[in-house]
Amino acid sequence: MNQTALLKNELLLQVASGKEVERPPVWIMRQAGRYLPEYMAVRKKAGSFRAMIKQPELAAEVTLQPVDIIGVDAAIIFSDILVIPEAIGLPYQMIPGKGPFFPSTVRNSQELKGLHPVAAESNLNDTYEALNIVKKELNGRVPLIGFAGAPWTIFCYMTEGSGSKTFPVPKSLLYQDAVFSHSLLEKITEATIIYLKGQVAAGVDIIQIFDSWAGILDVDTYHEFGLPYIKRICDAIQEVPKIVFAKGAFFALSSLAELDCQVIGLDWQTEAAFAMEHVKKQAFQGNLDPCIVYAPDEVIVTRTKALMNKFPKGRHIVNLGHGMYPDMKPDKLKLLVKTVKEFRYNS
Ligand code: 1CP
């Protein structure tokens, strides 16, 4: 056996393909981020968050950090869901301490004309290049996750122009101008499929779709404006397995279960037993409260073990129910990961 074969850790892909495993794999949303001093050092060198994304060597470096430092079972490419609006014609800024800001927004059919989904092909080369570097550096150690935002979540930022707790602009557009809303969602979907196919060509082993704002819609609007576009993406990407994380969408679990995806991500409010009632074929990912990382060591160990015992063998990927916060301690996350790595299913 060569060394790559010996080092190979395919737990994540095994769970995504329904194979039995002796312990669940673990990776963490926002595992490459501000809680890591090593990330902050690279960000300082780059000058800004966006400059990191645009320099493939640096994006690759921070992608690998959690694999080397924390010991997670997968790498997720360092980028952002907001690169899609920018690639198709709507640039954004990341304002320190505040978050994303779009100097222009798209709120009517006239403004739609400035968007060009096919531009996603050539304008996202930095990410494809970063993926090539990561793939080489990983040398098969762990799988590489690619990602994109779900169309509804991207729609929220492009119309509101910034982050928001309630997103009044996108929500009113759904009710006031369904025709425009569908047209914009179409364009985002088209660009997202091009982008994800590019990531597949650059070597990602699996992709995740982040629908971070699914939970602000009700059942009917999510079925009209959210799910059909995720379905289009899942149907279009057949080369690799797919994880769909629709945060707050407990009300749509039965519909999510009908998607052509292999893993359903769960936030921390969804009870495992409830999820298992609605989802029969896919595996689950999640669903620890992110704030568990603030807990005393013994609580981290107990809660993580309890979580692993809630899901059946081979149908669970350990993760938080949302991302790491900047003030969390890397040592606490290391303990969580170690707890998973030492765990073995009973039978
Ligand atoms: O200051 C900094 O260094 C920037 C902080 C940061 C980081 C580390 C942002 C700004 N984005 C990222 C990276 C990122 N974003 C990744 C990298 C891979 C990893 O997980 O390690 C991923 C997968 C994302 C995805 C992302 N960006 C989502 C979906 C997941 C989620 O958190 O719900 C969303 C909504 C964004 C938008 C975004 N980017 C950054 C911020 C602060 C935000 C949220 C803005 C808001 O409050 O609405």
* For the chain, what is the calculated [θ] at 222 nm in deg cm²/dmol (nearest 500), taking -39500 (n - 2.57) for each run of four or more DSSP H residues and dividing by its residue count? -> -13000 deg cm²/dmol
* Only Lys, Arg (+1) and Asp, Glu (-1) charged, at Cβ; the range 66-156 dipole about Cα centre in debye -> 180
* the chain, dipole about Cα centre (Lys/Arg Cβ +1, Asp/Glu Cβ -1), debye to the nearest 20 -> 700
* Packing-wise, with mean Cβ within 10 Å as the measure, how do 311-324, 91-104 rank, highest first? -> 311-324, 91-104
* If you take all C-alpha pairs in the range 126-214, what percent of them are over 20 Å apart? -> 45
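Net charge within 10 Å of E258 by Cβ-Cβ distance, Lys/Arg positive one each and Asp/Glu negative one each, not counting E258 itself?
Local net charge: +1.
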* Asked: Just for the chain, what percent of DSSP beta bridges are antiparallel, to the closest 5?
  -> 15
* Working from Cα positions, state the angle (0 to 90°, nearest 10) between the long axis of helix 178-201 and the longest principal axis of the chain. => 40
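What is the ratio of the Cα radius of gyration of the chain to 2.2 N^0.38 Å, where N is its residue count, to two decimals?
Cα-based Rg divided by the globular estimate yields 0.95.
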* To do: Would you mind classifying the range 20-91 by shape? Square roots of the alpha carbon gyration tensor eigenvalues, ordered a ≥ b ≥ c; an a/c under 1.5 is rounded, otherwise it is prolate if a/b is larger than b/c and oblate if not.
  => oblate
* Relative to the longest principal axis of the C-alpha atoms of the chain, give the angle of the C-alpha long axis of helix 151-160, reported between 0 and 90° and rounded to the nearest 10°. => 50
* **For the range 60-172, Kirkwood radius (reciprocal of mean inverse C-alpha pair distance, Å)** => 15.7
* For L36, L64, what ranking results if the residue with the fewest other Cβ atoms within 10 Å of its Cβ goes first? -> L64, L36
* Cα gyration tensor of the range 1-122 - equivalent ellipsoid semi-axes, whole Å, descending -> 34, 20, 13
* Asked: What ranking, highest mean first, results for peptides 106-112, 221-227, 154-160, 29-35 when packing means the other Cβ atoms within 10 Å averaged over each residue?
  -> 154-160, 29-35, 221-227, 106-112
* Asked: What shape does the range 142-278 take by its C-alpha gyration tensor, where a ≥ b ≥ c are the square roots of the eigenvalues and a/c under 1.5 counts as rounded, a/b above b/c as prolate, and the rest as oblate?
  -> oblate
* Helix axis angle, 297-310 relative to the chain longest principal axis, alpha carbon, degrees -> 80
* Based on the Kirkwood radius over alpha-carbon pairs, what value in µm²/s does the Stokes-Einstein equation return for the translational diffusion coefficient of the range 182-243 at 4 °C and 1.567 mPa s? -> 104
* Using a ≥ b ≥ c from the Cα gyration tensor of the range 94-141 (square roots of the eigenvalues), is it rounded, prolate or oblate, where a/c under 1.5 gives rounded and otherwise the larger of a/b and b/c decides, a/b for prolate? -> oblate
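Give me the net charge of D289's neighbourhood, meaning all other residues with Cβ under 12 Å from the Cβ of D289; Lys, Arg count +1, Asp, Glu -1.
So the environment of D289 carries a net charge of 0.
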* Asked: Tell me, what does the Kirkwood hydrodynamic radius of the range 223-316 come to in angstroms if you use every pair of distinct C-alpha atoms?
  -> 14.2
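We did not get these values from a lab; they are worked out from the coordinates using the rules stated. These numbers come from a predicted model, not from an experiment. Every residue, glycine as well, gets a Cβ built from its backbone with ideal geometry; the counts of neighbours run over all protein chains shown.
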